[in-house]
Amino acid sequence: MHLLPLVLAAAAIQAPVISAERIREDVRVLASDAFEGRGPGETGEQKTVEYLSTSFAAAGLEPGGVDGLWTQPVPLVRLDRKPGAKLALTIGGRGTPLALGEQATLALRNVGRTEVMDAPLVFGGYGVVDPARGWDAYAGVDLHGKVVVVLANDPDFEAGRDLGFEGRRMVLAGRIGSKFEAAATAGALGVLVIHEDAAASYPFMQVANGDVLPSFALAPIKPSTLQLGGWLRRDVATDLLARTGLELEALKRRAREPAFRAFAMKDATLSAAGEIEATDVVSHNVIAKLPGASRPGEYVLYGAHWDANGRNGPDARGDGIRNGAIDNATGTAEVLEIARAFAKGPRPARTLVFAAWTAEEKGLLGAEYYVANPVYPLAKTAGVINLDPHVVLPAARDIELVGGGRTDLETRLADAAAKLGLRVTPEPNPEAGWYFRSDHFPFAKKGVPAIAFRAGRDLVEGGTAAGNVRVEAFNAHDYHQTTDQFDPRWTFAGTVQEASVAYEAGRALASDAGWPGWNPGIVYGAVRAASDAERAPPARE
Ligand SMILES: [Zn+2]
């Protein structure tokens, strides 16, 4: 059929332009040293909030925060570990101090001083407690006063078959936050995760460099029986295991059995000491809106986190600013540019909300706060499109869907991509659990259909091989580091593709009366169903 090219040509003439130049300028400014790495509660936050509010206003949007302002205050507690913290293992009576930020990392969970003396070590397999799947590594095991050593990811990640955890793709129980929760619920005093590159989905250098970063929590902070958590470098872990008569690969095989139970590691204990200083911080989500033309009480929400990792002690290169040019000045710039496109074009039926979240890097805290305190009713939010791209790429032939197979919002994304001549590829590293790692996820947990995607790697010039080289280089050297800096050579062609697909998918959703839902068997569907009565069925026209 030959109509299609004509339709496309017409659409191309009418569609507002997503401008690579405007995205470039926003990324350049937001990622400049003047913005100090956009740390929540740091001076970089004020500049960022000011820049985003001013840009939304200039584009013709309305303030969409609370009390008629551009912001939603987010009360946080900043937790800084004072210098001098210590971590040591003792095996068979022989003590081994561990160098923090080199051999291990240490997150102390409670405010004030923590002292742990010779807590017995327990091997907890994958540390999965998931009654729905019939797994409980801690059933009948007394963990009080003990520290659990666990494997990263979930039981079938390397099994070569599906053991009920979606095969190679990571399920939520495989995230380290889930492992910490499971161990805390079982009464453990601490959790150490054995770091392996593939299972963790990032090199040890990344967690090691993060050891000095402050952590944050939503205020008020809840005291926890879990006093510490951290990562063990793989060779340190295999040495520890060897000295207790254990071997990593053999342990993995045991841990893949549903009947696996945590067991004591012979003559092995852990000691730790350190102090956490807590500071109250009020950070901000920045929110703008464009009221819908005919159904303003229904919403489509675009989101991207504005924060990066802020100003910290200088790294080995002498740089103390983690600029976060890609992660996530780029996604933030895309949301700004999509807002500009909507403000210029015809107004869709539903209200468009544009949110720049704070503290994503600290545990999706800005978005978590929003879903607990929604400015716009979640029941009437038709869908969420999250922009947290992974790399700035040249033009590609595809987009990568993160965590696909969950919601029929994905169909709208595929339609939008097809309109732009792009195909949708599944994410190449499903074991990384990206669906749980950015700001769409808090919405999913509350039942709101939410998606995330990225520009694909099948580059117009060089294909997938060239795309993989760029992604792998970024992951190995720049992700969350001071080197995630603006590069004037970037064309932003892939970024424009991302923003254009997002614009088109959201425009379609904001223009019709349908309510996307969750696929059968997806747990978030049951949460959504509780508010079904609040959503008007699409009217017949
Ligand atoms: Zn990010």
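The values are calculated or read from the model by the stated rules, or taken from the named source; none is laboratory data. Just so it is clear, the structure is predicted and the values come from calculations on it, not from any experiment. For neighbour counting, all protein chains shown are included, and Cβ atoms are generated from backbone atoms with ideal geometry for every residue, glycine included. Note: areas computed on protein heavy atoms with side chains; ligands, DNA, RNA excluded. Shrake-Rupley method; radii C 1.70, N 1.55, O 1.52, S 1.80 Å.
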Out of LEU192, LEU172, LEU163, I need the residue that is surrounded by fewer than 20 Cβ atoms within 10 Å (Cβ to Cβ) and under 18 Å from LEU251 (Cα atoms). Which one?
LEU163
Can you name every residue in the range 440-449 that is closer than 20 Å to GLY174 by Cβ and within 16 Å of the ligand (Cβ to nearest atom)?
HIS440, PHE441, PRO442
Would you check which residues across the range 292-319 are surrounded by 15 or more Cβ atoms within 10 Å (Cβ to Cβ) and either touching a Ser or Thr at 6+ places or on another chain (Cβ under 6 Å) or at positive phi (or both) and list them?
GLY292, TYR299, LEU301, ALA304, TRP306, ASP307, GLY310, ASP315, ASP319
Contact list, first residue from the range 361-374 and touching a residue at least 24 places away in the same chain (Cβ under 8 Å) and more than 20 Å from GLY324 (Cβ to Cβ), second anywhere and more than 15 Å from the ligand (Cβ to nearest atom) and among the basic types (Lys, Arg), beta-carbon distance below 8 Å, six or more apart or interchain, is VAL371/LYS445; VAL371/LYS446
Checked pairs for the range 293-310, first near the ligand (Cβ under 10 Å from one of its atoms) and of a type in the set (Gly, Ala, Ser), second open to solvent by less than 10 Å² (accessible area, probe 1.4 Å) and not in a strand (DSSP E or B), C-beta under 6 Å and 6 or more apart or across chains, list as ALA304/ASN328; ALA304/GLY331; ALA304/THR332; ALA304/VAL335; ALA304/LEU387; ALA308/GLY37; ALA308/ARG38; ALA308/GLY324
Can you pull out the residues in the range 354-378 that are open to solvent by less than 10 Å² (accessible area, probe 1.4 Å), over 13 Å from LYS445 (Cβ atoms) and of a type in the set (A, V, I, L, M)?
ALA355, ALA356, ALA359
Quick one: in the range 364-392, of everything that is in a loop (DSSP other than H, G, I, E, B) and over 21 Å from ASN328 (Cα atoms), which residue is farthest from the ligand (Cβ to nearest atom)?
PRO377
What are the pairs, 6+ residues apart or on separate chains, where a residue within the range 421-439 that is among the aliphatic types (A, V, I, L, M) has its Cβ under 6 Å from a residue that is within 15 Å of the ligand (Cβ to nearest atom)?
ALA432/SER201
Go through (1) in a helix (DSSP H, G or I); (2) more than 24 Å from GLU472 (Cα to Cα); (3) in contact (Cβ under 8 Å) with a residue 12 or more places away in the chain for ALA208 and report which single condition fails.
(2)
Do we have any residue at all in the range 327-341 that's closer than 19 Å to PHE443 by Cβ, within 16 Å of the ligand (Cβ to nearest atom) and of a type in the set (A, V, I, L, M)?
yes
Tell me, which helices (runs of 4 or more DSSP H) lie completely within the range 446-541 with 3 or more residues that are among the aliphatic types (A, V, I, L, M) and more than 30 Å from VAL371 (Cα to Cα)?
463-477
Given the criteria buried (at least 24 other Cβ atoms within 10 Å of the Cβ) and in a helix (DSSP H, G or I), does ALA343 qualify?
no
Do we have any residue at all in the range 318-326 that's under 19 Å from TYR479 (Cα atoms), within 16 Å of the ligand (Cβ to nearest atom), among the charged types (D, E, K, R) and in contact with a Gly (Cβ under 6 Å, 6 or more places away or on another chain)?
yes
Could you tell me whether any residue of the range 322-338 is open to solvent by 40 Å² or more (accessible area, probe 1.4 Å), modelled with pLDDT of 95 or more and not in a strand (DSSP E or B)?
no
Of the numbered conditions (1) touching a Leu at 6+ places or on another chain (Cβ under 8 Å); (2) under 30 Å from GLY320 (Cβ atoms); (3) buried (at least 20 other Cβ atoms within 10 Å of the Cβ), THR482 fails exactly one; give the number of that condition.
(1)
Checking ASP80 against (1) surrounded by 15 or more Cβ atoms within 10 Å (Cβ to Cβ); (2) within 26 Å of the chain's Cα centre (by Cα), only one condition comes out false. Which one?
(1)
Is there a residue being outside any helix (DSSP H, G or I), of a type in the set (A, V, I, L, M) and open to solvent by less than 20 Å² (accessible area, probe 1.4 Å) anywhere in the range 243-261?
no
Hey, any hits in the range 256-274 for a residue that's among the β-branched types (Val, Ile, Thr), in contact with a strand residue (DSSP E or B) (Cβ under 6 Å, 6 or more places away or on another chain) and closer than 30 Å to ASP512 by Cβ?
no
In the range 403-439, the residues that are open to solvent by 10 Å² or more (accessible area, probe 1.4 Å), in a loop (DSSP other than H, G, I, E, B), of a type outside the set (Asp, Glu) and within 15 Å of VAL171 (Cβ to Cβ):
GLY404, GLY405, ARG406, ASN429, ARG437
Select the strands (runs of 3 or more DSSP E) contained entirely in the range 22-134, then report the ones holding at least 1 residues which are over 23 Å from VAL371 (Cβ atoms), at pLDDT 95 or above and aromatic (Phe, Trp, Tyr).
112-123
